[in-house]
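**Q** Handing you a structure now.
Just so you know, all these numbers are worked out from the coordinates, no wet-lab data involved. All of these numbers come straight from a predicted model, not from anything done at the bench. Glycine gets a Cβ as well: all are built from the backbone with ideal geometry, and neighbour counts include every protein chain shown.
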Amino acid sequence: MLIPVTLPVPVLRVLVHERFGVSEFETSLFMSVNMLGAVVAAPLVGWLADRWGQRRKIFLWTLALDAICFLSLMSPVPFSVFMGIRFIEGAAHIAALSMLLSIASTSVSAEHRGRALGLVGAGLLLGVALGAPLGGWLGRSDPLTPLLAGGVLILFTVSIAIPFLRDSDLRFESKEPASGGLLFAIREQPKLTVPLIFAFADRFTVGFYTTTFSLFLSRVYDFTPPQIGMLIAAFMLPFALLSYPFGWLSERTSRVGLLAAGSLLYGLGTASLVFWSPGQLPYVMAAIGISAAVMFVPTMVLTTEYASEDLRSTALSGFNAAGSLGFIVGPVVGGLVSQSFGHEGDWLAGYRAAFGVAGGFEIALVLFVLPFLRNAKKPNI
């Protein structure tokens with residue numbers, strides 16, 4: 001399901017910058033505008049799922065819309081229309097993802113929720129990991145081929161989900177209107193804000209990897225799309241493969257401790273990224289991927305624990321919305337900082353400043369936000 005997310009990343013410069021003749025900043029917006037759609041759609045879809053209860057239907061219809069949008073991005077349209085389609089694609093994608101996570105979180109007992117979310121997360125992240133090298137390989141001769149492959153793959157996922165995906169009919173009376181469901185959940189449990197903030201920060205930095213990092217590699221080191229794809233995969237593969245083991249571990253140890261350790265290492269690795277040589281980058285990216293796996297599932301588990309049962313879809317949709325907002329801001333900040341500090345053609349200085357901002361933000365959250373959860377009374381938190 002998430003393979004299409006990173007399919008365009010290795011060909012981003014050709015797909016957007018050269019195809020439409022737009023600036024570096026506008027190129028970065030391609031990986032942000034879909035997340036703007038996600039921020040708008042996710043809380044509304046989560047509220048609808050908690051009220052209507054038909055999560056399977058929402059998943060299938062929004063996933064089909066995602067496929068249509070992906071294929072429509074191949075059309076010869078103006079840049080503004082192209083970005084409008086991307087906005088709708090992001091809304092459809094995050095709606096489907098939120099429903100899948102919600103179904104997974106309620107399909108098992110609370111004691112096994114870490115493993116369930118870890119297993120689903122591993123599958124999703126493995127798709128992200130495979131998407132980058134596959135996109136680089138497919139886009140060698142035509143940057144539109146990854147879009148075609150993404151649309152076809154999503155349609156195939158829909159065809160598989162129709163006979164096999166099952167869900168219970170969970171439906172609750174509305175306590176708040178759609179616009180206030182997430183705020184109501186936060187008022188019920190203020191600690192819910194902490195995993196939401198970390199969801200924002202994590203996707204904020206991922207936005208740097210999918211745009212700023214890709215542009216950095218192609219501009220400074222003249223990397224080809226397949227080379228960029230392989231480096232993204234070096235980050236995503238350990239991230240995906242270790243999500244289930246760390247999900248299992250989160251059931252047996254402090255989730256806040258895992259979140260703190262993983263986030264700190266992740267921030268340090270991100271901040272130092274530009275200082276490594278091209279030959280060292282695959283190993284550094286793998287290490288950063290491992291640290292990302294340490295913190296990923298605990299953040300989701302904390303979200304489900306702090307939300308009441310009748311607001312769980314809303315909370316998970318809020319989790320995805322916060323992450324999507326981070327993904328919007330990440331490429332924008334990365335583009336602005338790298339362009340501002342990379343004056344007079346010194347792009348290396350610009351990228352050094354950009355990744356310093358991304359990694360420093362993650363470290364700051366560990367130091368100043370996590371202590372709020374340390375005071376929680378709940379066991380194993």
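**Q** From zero outward in steps of 5 Å, how is the percent of C-alpha pairs of the range 1-95 spread across the bins?
**A** Once binned at 5 Å, the Cα pair distances of the range 1-95 give 3, 13, 22, 25, 16, 10, 6, 4, 1, 0.
**Q** Once both labels are modelled 7 Å past Cα along the beta-carbon direction, what's the LYS191-TRP137 spacing in nm?
**A** Going from the LYS191 label point to the TRP137 one covers 4.5 nm.
**Q** Let me ask something else. How many nm separate the modelled label positions at ASP346 and LEU183, each set 7 Å beyond the Cα in the direction of the Cβ?
**A** Placing both labels 7 Å along Cα→Cβ, they lie 4.6 nm apart.
**Q** How far, in nm, would the chain grow between THR224 and TRP276 when pulled straight, counting 0.36 nm per residue and subtracting the alpha carbon separation?
**A** Working: separation 52, 0.36 × 52 = 18.72 nm, distance 1.83 nm.
Using 0.36 nm per residue and subtracting the Cα-Cα distance, I get 16.9 nm.
**Q** Does the range 252-333 come out rounded, prolate or oblate, given a ≥ b ≥ c as the square roots of the eigenvalues of its C-alpha gyration tensor, rounded meaning a/c under 1.5 and, failing that, prolate meaning a/b above b/c? Working shown, then result.
**A** Details: a/c = 3.43, a/b = 1.70, b/c = 2.02.
Verdict is oblate for the range 252-333.
**Q** Under the classification rounded if a/c is under 1.5, otherwise prolate if a/b is larger than b/c and oblate if not, where does the range 242-381 fall, given a ≥ b ≥ c as square roots of the Cα gyration tensor eigenvalues? Show your work: numbers first, answer last.
**A** Details: a/c = 2.41, a/b = 1.76, b/c = 1.37.
Because a/c hits 1.5 or more and a/b exceeds b/c, the range 242-381 counts as prolate.
**Q** Continuing with this model, one more query. Given the options PRO143, PRO43, PRO282, which has the most mean-square fluctuation in a GNM of the chain, springs set between C-alpha atoms less than 10 angstrom apart?
**A** Looking only at PRO143, PRO43, PRO282, the largest GNM fluctuation is found for PRO282.
**Q** With a Förster radius of 45 Å, plug the Cβ-Cβ distance of LEU268 and GLU309 into 1/(1 + (r/R0)^6) and report the FRET value to the nearest 0.05. List each step's numbers first, then the result.
**A** Details: r = 37 Å, r/R0 = 0.83.
My answer for the efficiency is 0.75.
**Q** Pull out a ≥ b ≥ c, the square roots of the eigenvalues of the alpha-carbon gyration tensor of the chain, then state rounded if a/c is under 1.5, prolate if not and a/b is larger than b/c, and oblate in the remaining case.
**A** Working: a/c = 1.71, a/b = 1.25, b/c = 1.37.
Here the chain falls in the oblate category.
**Q** Determine, from the Cβ-Cβ distance of ARG19 and PHE372 and an R0 of 56 Å, the FRET efficiency 1/(1 + (r/R0)^6), rounded to the nearest 0.05. Write out the running numbers ahead of the final one.
**A** Values: r = 45 Å, r/R0 = 0.81.
About 0.80, to the nearest 0.05.
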